[in-house]
Amino acid sequence: MEPTPLSTLIARYLNDALSEEETAQLWETLRQGHGQDAWEEALVALLQDKTKHGQANAERMEQIYASIRPADTPVVPIARRRRWLYPAAVAAIVAVIVVVAAFWRFRPQQPVAGGINSPVHHVVPGSNKATLILADGSTITLDSTANGALAQQGNVQIVQVNNGQLAYEAGGDHHSGAVQYNTLAIPRGGQFRVTLPDGTNVWINAASTLRYPTVFSGADRTVELTGEAYFEVAKMPGKPFHVKAGHMDVQVLGTHFNVMAYTEETAVRTTLLEGAVKVHTGGGGTALRPGQQLRMDQAGQVSVVNDVDLEEIVAWKNGYFRFNHEKLPGVMRQIARWYDVDIAYEGNIPDREFGGKISRNSSIEEVLKILELSNIHFRIEKKKIIVIP
């Protein structure tokens, strides 16, 4: 069977229509450096196709060309530019059109060479780990290595199941006695899942905490979040579920939504995937419909964004990073939380935007190698990543 033309593979990727075999073929072409002429022709065509990026006017194309061409390459009209795409320029364009990052999902395991210094370091991808803080202040370290009973809180037994999931099993009259609170603390480089006493499932991201009662015995169900979590709330008519995150209170009866409330981010965000929520802030309540995101910035200003990229929002829960026009500092904050590293910048922070999908199981070298395609460089020193413009 004849291999699929490269231009067709790229077009199919942009339309989310590539098979695993075709993705592997596209990756192998890039990795081996084959088909240079085909790469150039396909990429130039994509840059000129306004349906892909909305920037097909001649003036804007000249600006793009000027920003990515090698310094010693003469400026020539777009129509004659098949030969100006030297390797550095090809890498830059690939980063712009968000093709390369997805190849890593199906990449052959290859040693990383060049570009990034590779001294011995301790930077590894995150895993299922957390600390459970019981009502009496005692702690239990959680990971993926053990299942079974962990503790008893009143008439509720706490168990670990499925190698990285916490659950609460009620026995007897579990509504009696004083309400006790547990806190699930996820460190940088960790994640965990908990099934709350009402059956609500919560996936908790790195550098986050969730505080909740061991029994929901009152008129509502309220939990407190710092960091990020994805909720699939069990339906209990007449007993609303509340997530308090900073100055935001998300109220639901039964729905799927994501709350991101890291203090180092520019805004607290609630994104609705299914059902309905009402978000209460200092300025009142705002109802959301699926696909909408409410943002409250550090000054308390509230805005609603329509038709957000839901796959990007829950990518962390599904095991990968997904970037959609994300600035470099935002990318590096996600890397810092998942790989448990500190980030430093030498010189000015490069003004770059990134897009694509990367497995959260990737080594730090693999992730940084992808980012280097946009002409940004890195140095790893123990548990610190230094960004070099």
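Taking the alpha-carbon centroid of each part, what is the distance from the range 126-165 to the range 235-304 in angstrom?
28 Å
Carbon and sulfur together cover what percent of the accessible area of the range 259-377 at a 1.4 Å probe radius?
Ligands and nucleic acids excluded, carbon and sulfur give 44 percent.
So how do 188-197, 285-294, 239-248 stack up, highest first, on mean other-Cβ count within 10 Å?
Answer by packing, highest mean first, reads 188-197, 239-248, 285-294.
For the range 294-360, state which GluC sites (Glu not before Pro) are in a DSSP loop and have at most 14 other beta carbons lying within 10 Å of their beta carbon.
Taking the range 294-360 and a limit of 14 other Cβ atoms within 10 Å, the loop GluC sites (Glu not before Pro) found are E346.
Hey, can you grab everything whose amide H is under 5 Å from the amide H of H377? Only 5+ residues off in sequence or another chain; H modelled, so Pro and N-termini drop out.
Distant-sequence amide H within range of H377: I388.
Show the residues, 5+ positions off or on another chain, whose built amide H is closer than 5 Å to the amide H of T222.
Residues meeting the criterion, in which the H sits 1.01 Å from N, are H242.
Using a simple spin-label model with points 7 Å from Cα along the Cα→Cβ vector, what separation in nm is obtained for T131 and Q152?
Rounded to a tenth, the inter-label distance reads 2.6 nm.
Taking 7 Å along the Cα-to-C-beta vector as the label spot, tell me the E346-I386 distance in nanometres, rounded to one decimal.
Simple spin-label model gives 0.5 nm for this pair.
Given a Förster radius of 30 Å and the C-beta distance between N162 and T263 as r, what FRET efficiency does 1/(1 + (r/R0)^6) yield to the nearest 0.05?
Efficiency at R0 = 30 Å is approximately 0.50.
Report T222's accessible area, 1.4 Å probe, all protein chains in place, as a number in Å² to the nearest 10.
Only protein atoms counted, so the area is about 40 Å².
Could you give the length gained by full extension between H280 and S217, i.e. 0.36 nm per residue of separation minus their alpha carbon distance, to one decimal place?
Result: 20.4 nm gained on full extension.
With θ taken as phi - 60° and the coefficients 6.51, -1.76 and 1.60, list the Karplus ³J(HN,Hα) couplings across the range 178-189 in order, rounded to whole Hz; mark glycine and proline as x.
6, 6, 10, 10, 10, 10, 9, 10, 9, x, 4, x
Using a 7 Å offset from Cα along Cα-Cβ at M236, what residues in the range 276-311 end up with backbone N under 20 Å from the label point?
Correct set: 276-280.
For the range 267-273, just list the computed ³J(HN,Hα) in residue order, Karplus coefficients 6.51, -1.76 and 1.60, θ = phi - 60°, integers in Hz, with x standing in for Gly and Pro.
Using θ = phi - 60°, the values come out as 7, 8, 10, 10, 10, 9, 9 Hz.
What are the ³J(HN,Hα) values, in whole Hz, obtained from phi via the Karplus relation 6.51 cos²θ - 1.76 cosθ + 1.60 with θ = phi - 60°, for each residue of the range 275-290 in sequence order, with x given for Gly and Pro?
These are the phi-based 3J(HN,Hα) values: x, 8, 9, 10, 9, 9, 10, x, x, x, x, 10, 7, 10, 10, x Hz.
Quick one: length gained pulling N306 to I140 fully straight, 0.36 nm per residue minus the C-alpha distance?
Working it through step by step, the gained length comes to 55.7 nm.
List the residues, sorted by chain then number, that are 5 or more residues from A287 or on another chain and whose placed amide H is less than 5 Å from its amide H.
V279
The values are calculated or read from the model by the stated rules, or taken from the named source; none is laboratory data. Owing to the predicted nature of the structure, the values given are computational and were not obtained by experimental measurement. When we count neighbours, we look across all protein chains shown, and the Cβ atoms used for this are built from the backbone with ideal geometry, even at glycine. Areas reflect the complete protein model, heavy atoms only, side chains present, ligands, DNA and RNA absent. Shrake-Rupley method; radii C 1.70, N 1.55, O 1.52, S 1.80 Å.
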